[in-house]
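Report on the following structure.
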Amino acid sequence: MLVQLAPSILQAFILPASPGAAALHGFILALGLILPLGVQNVFIFQQGALQRSFRKALPAVLTAAVCDTLLIGLAVTGMSLAVLNNGWLETLLMAAGSIFLLYMGISLWRRQPNSAFGEAAVYSGRRQIAFAASVSLLNPHAILDTIGVIGGASLQYAGTNRLAFALSCIVVSWVWFAALALTGRLAGRWDHSGRLTRLLNKASAVIVAAIGLGLLYTAVSRLF
């Protein structure tokens, strides 16, 4: 909450209304939203650690960044507000997302690679794209954060200031995902026993399944 309020305080009391102030607002706000550990972040880090090179993890990095860019663009232009105005659509989104996340959580938990870079642990480029797109576009938390926080904050800007705000949020996403995969790659280089692979799979499974159960509970609660 403090991270979300700080940019508004800076803009209101310290910085004049300008593209620079809007960009700073977007930078701090986007950073505050993207830092918490979630399905998307865990997957990007995992692929960075498990792929044989950073280049082979690029499908996941680029897909996540492009999806974030799309969501931010929709939020800033106001088109995605339709989701918040349709309660049934939001519930359906949560239900579908929860089923997908629970399935992926079970799959990750059962995966048992034979080595640090076993084939079972490494996603192909197409599978990286499919999974990264799914956890980005079918993740209600990510969508609602983008719509409710970034979309809402952008309403105070217009013209060049709004563009600067949006571009700053987008840059944060691209840099963050690349840095996350690189960090995972550095960690993966020191793993020769397969322990990191198994740990990442188990941790990813728990996080993904927990988020899925939370979404399922919320979706069911809305129906009764």
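The values are calculated or read from the model by the stated rules, or taken from the named source; none is laboratory data. Because the structure is predicted, anything quoted here is derived from the model rather than measured.
For this structure, a couple of remarks:
- Within the stretch 136-171, the set of residues being at pLDDT 80 or above, among the hydrophobic types (A, V, I, L, M, F, W, C) and over 24 Å from Leu102 (Cα atoms) comprises Ile150, Ala158, Leu163, Ala164, Phe165, Ala166, Leu167, Cys169, Ile170, Val171.
- Ala205 among the small types (Gly, Ala, Ser) and modelled with pLDDT under 85: yes
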